[in-house]
1. So, in the stretch 184-214, how many residues would count as being of a type in the set (Val, Ile, Thr), modelled with pLDDT under 90 and assigned to a helix (DSSP H, G or I)?
2. So the check is Cβ under 9 Å with 6+ separation or different chains; which pairs have a first residue in the stretch 35-53 that's more than 18 Å from Asn125 (Cα to Cα) and a second one that's charged (D, E, K, R)?
3. Which residue is modelled with the highest pLDDT, if the candidates are limited to the stretch 52-81 and must be under 11 Å from Leu101 (Cβ atoms) and not hydroxyl-bearing (Ser, Thr, Tyr)?
4. If a residue must be buried (at least 22 other Cβ atoms within 10 Å of the Cβ) and among the hydrophobic types (A, V, I, L, M, F, W, C), how many such residues does the stretch 275-294 contain?
5. Only one residue in Leu88, Leu154 is modelled with pLDDT under 85, touching a Pro at 6+ places or on another chain (Cβ under 7 Å) and more than 13 Å from Val256 (Cα to Cα), so which one is that?
6. Select, from Phe230, Phe246, the only residue that is among the aromatic types (Phe, Trp, Tyr), within 21 Å of Ala277 (Cα to Cα) and either in contact with a Gly (Cβ under 9 Å, 6 or more places away or on another chain) or without any contact (Cβ under 8 Å) to a residue 40 or more places away in the chain (or both).
7. So which residues in the stretch 211-245 are small (Gly, Ala, Ser) and under 20 Å from Gly93 (Cβ atoms), if there are any at all?
8. Quick one: Ser221 ticks every box in (1) in a helix (DSSP H, G or I); (2) touching a residue at least 40 places away in the same chain (Cβ under 8 Å) except a single one, so which number is it?
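The values are calculated or read from the model by the stated rules, or taken from the named source; none is laboratory data. Predicted model, so just to flag it, every value in this text is computed and none were measured. Glycine also receives a Cβ, built like all others from the backbone with ideal geometry; neighbour counts cover every protein chain displayed.
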Amino acid sequence: MSAKKAVMPEPAVVQPLAVDMRRLTRVGARPKFLDYLVQLWDFREFIFYDARARVQSGTRRDRLGSAWLLLNPIFNGLTYYVIFGLLLQTGNGIENYVGYLVIGIFVFQGTSGAITSGARSIHSNKAVVQAFNFPRATLPIGVNIREMMSNVPLILAMLLIITLVPPVEEISWLWLMILPALALQSIFNLGIGLILARIISRVHDATHLLPFFMRAWMYGSAIFYSYERFVTHPELLALLKLNPLFNVIDIIRNCVLYAQPPAWQSWAILAVWALGALLVGMVFFWQGEESYGRS
């Protein structure tokens, strides 16, 4: 038998393939700012669903459940009334001091809860940030929407207390003006929460300073006293009245307690703070998009 010569296959020819590198994006890369806003809009249904679910389950382990959303500011208000109203007499000269104090406490709690939770939203969800690809700003935005939902019964309870506890106040059309004031407050809360969320994601020690800052802000916002009683220097008084939290509280007090349309200066100061904080917060947070979740 004659052996057949083995036929070797010809080597395959490698053909070069042109790839348009301009269409490739790095995994986890930060998109352009406008594209980032579009991505946030695409996640809007998830943000609202998650916020609503967290509101419903937030106090489920407590026996009184969601009632604590109302009981906490009421107990705080009683404590501050005893200390500042009865013992220190800081309410002297203030018409309807009970309503004055209730509005200050309830409104401050809304800002305090939103900013504190928003500031911690990235660090407290670090595992989610590391596991999934999504615009990270959805976390602080979702927290602020959750706080807005939680504050609805608080605002209603605040108004109910004012109409029931002497001296009772009559309901007027001016009460509707608290809605845009609360909207501007929420926008401001979101902006500050975005700024702090990026800072705390990199420097977690900042969380220990946050309660001290919030407490100092509370004492400096004329919640249980009037600026005019303790501050006589006109320049210092004007500077204190630039406080955005004071302006929210002052607008609501004028509308609900004193039946006076708020001054346009209060609206202007609050609007500048709110829109400025949101713009700076969104840009600042977006610039750190690629750093979140990394050790």
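1. Here the count works out to 1.
2. Tyr36/Arg30; Tyr36/Glu289
3. Within the stretch 52-81, the match that is modelled with the highest pLDDT is Leu78.
4. Total meeting the criteria: 1.
5. Numbers: Leu88 fails: touching a Pro at 6+ places or on another chain (Cβ under 7 Å).
None of the other options fit; the residue is Leu154.
6. Among Phe230, Phe246, only Phe246 is among the aromatic types (Phe, Trp, Tyr), within 21 Å of Ala277 (Cα to Cα) and either in contact with a Gly (Cβ under 9 Å, 6 or more places away or on another chain) or without any contact (Cβ under 8 Å) to a residue 40 or more places away in the chain (or both).
7. Residues satisfying the conditions are Gly220, Ser221, Ala222, Ser226.
8. So Ser221 meets the others, but not (1).
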